[in-house]
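Accompanying notes for the structure given below.
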Amino acid sequence: AAHSPRTYAHLALLGDKELLWDPEGDGFVMYGVQRRSWVALGDPVGPEDRLADLAWRFRELVDRHAGWPVFYQVSGVRLAIYVDLGLTLIKLGEEARVPLAEFSLQGGARADLRQSHRRAQRDGAQFRIVERAAVRELLPELAAISDEWLTNKTSAEKGFSVGYFDPDYLSRCDCAVVDCGGKPVAFANLWLGAQQGEMSVDLMRYGAAAPKNIMDFLFIETMLWGKERGYRWFNLGMAPLAGLEVHALAPAWHKLGRLVYRYGENFYNFEGLRKYKEKFAPQWRPRYLAAPGGFALPRALFDVTTLISGGVGKTLHK
């Protein structure tokens, strides 16, 4: 994971997925199993010239167990791999990446961000990076923030494609912390890609004592910190169902997805999430699901959601 330029590789450190290793030991596919769906998270991780072989090894493993191979949130640049595996591709949404060389708080287009940043500073917000060696001693305070956040949001922890509060996992990453009055009020663990290619945050939590717009402040400070250290991109993650075609001849999945995007706001703030990320002026890139076609496809989508939610009951509740 530390040698991967793509930050999602750090999700292998979460401990809730199986790993299929490359024979050389420097690459892997991370996956979970739900019913017949064997769900690989993202593209295989490892040297570029062996990613296709890793995908085929995963396909062969799944076939030996009479399962369905599913690749969740794969990139557009490697779609040929999944076509060769005989899988059907559907667009899940678009991933937002901010080019850090261009990021600043200057100019009229950044007025809202600039005001949010200044307001948080006036309210006493102070930013710092805690290196991973020192994170464990801070965990009791971070746990209190996380518990308060979950209670206020009436939310449960998720997993698989997103991190959850786990002491071992958090201790493997540097942590961005916001203090007020000398005490932590918000935090996010950092994912740092190899060769300063990409950086991101995963678990983001804040307490009731945090200033208004604290997430704006944390994102801005983290991006400026990464820019100073030569990182090229900040990955804001995916906006689900964003960027689907509106054409009358668009595939049925795009039409269904746009209906969910339009009428599903009571269950998930699709449009609000897209607009929030848009204010950082990111570049958008499509992300896909590769899975068997036909009747297996909707079941595979449900199985992916179940893995992320942590169980069928939680999926149906959502």
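Phe160 falls short on exactly one of the conditions (1) open to solvent by 20 Å² or more (accessible area, probe 1.4 Å); (2) modelled with pLDDT under 95, and that condition is (1). Note on region 7-33: residues that are open to solvent by 40 Å² or more (accessible area, probe 1.4 Å) and either in contact (Cβ under 8 Å) with a residue 12 or more places away in the chain or within 19 Å of the chain's Cα centre (by Cα) (or both) amount to 8. Scanning region 178-204 for residues that are more than 23 Å from Pro99 (Cβ to Cβ) and more than 19 Å from the chain's Cα centre (by Cα) yields Val178, Asp179, Cys180, Gly181, Gly182, Lys183, Pro184, Val185.
Annotation for region 79-95: at least one member residue is in contact with a helix residue (DSSP H, G or I) (Cβ under 9 Å, 6 or more places away or on another chain), at pLDDT below 95, open to solvent by less than 10 Å² (accessible area, probe 1.4 Å) and within 22 Å of Trp191 (Cα to Cα).
Scanning region 131-144 for residues that are open to solvent by 60 Å² or more (accessible area, probe 1.4 Å) and closer than 14 Å to Leu203 by Cβ gives a single hit, Arg132. Do we have any residue at all in region 119-130 that's charged (D, E, K, R), open to solvent by less than 60 Å² (accessible area, probe 1.4 Å) and out of contact with any Phe, Trp or Tyr (no Cβ under 9 Å at 6 or more places or on another chain)? Scanning region 119-130, I find no residue that is charged (D, E, K, R), open to solvent by less than 60 Å² (accessible area, probe 1.4 Å) and out of contact with any Phe, Trp or Tyr (no Cβ under 9 Å at 6 or more places or on another chain), so the answer is no. What do you reckon, is His3 within 23 Å of Ser171 (Cα to Cα), part of a helix (DSSP H, G or I), out of contact with any Ser or Thr (no Cβ under 7 Å at 6 or more places or on another chain) and open to solvent by 10 Å² or more (accessible area, probe 1.4 Å)? Criteria not met by His3.
The values are calculated or read from the model by the stated rules, or taken from the named source; none is laboratory data. Please read all numbers here as calculations on a predicted model, not as lab measurements. As a convention, Cβ positions derive from the backbone with ideal geometry for all residues, glycine included, and neighbour counts pool all protein chains shown. Heads up: the accessible areas ignore ligands, DNA and RNA and are worked out on the full protein's heavy atoms, side chains in. Shrake-Rupley method; radii C 1.70, N 1.55, O 1.52, S 1.80 Å.
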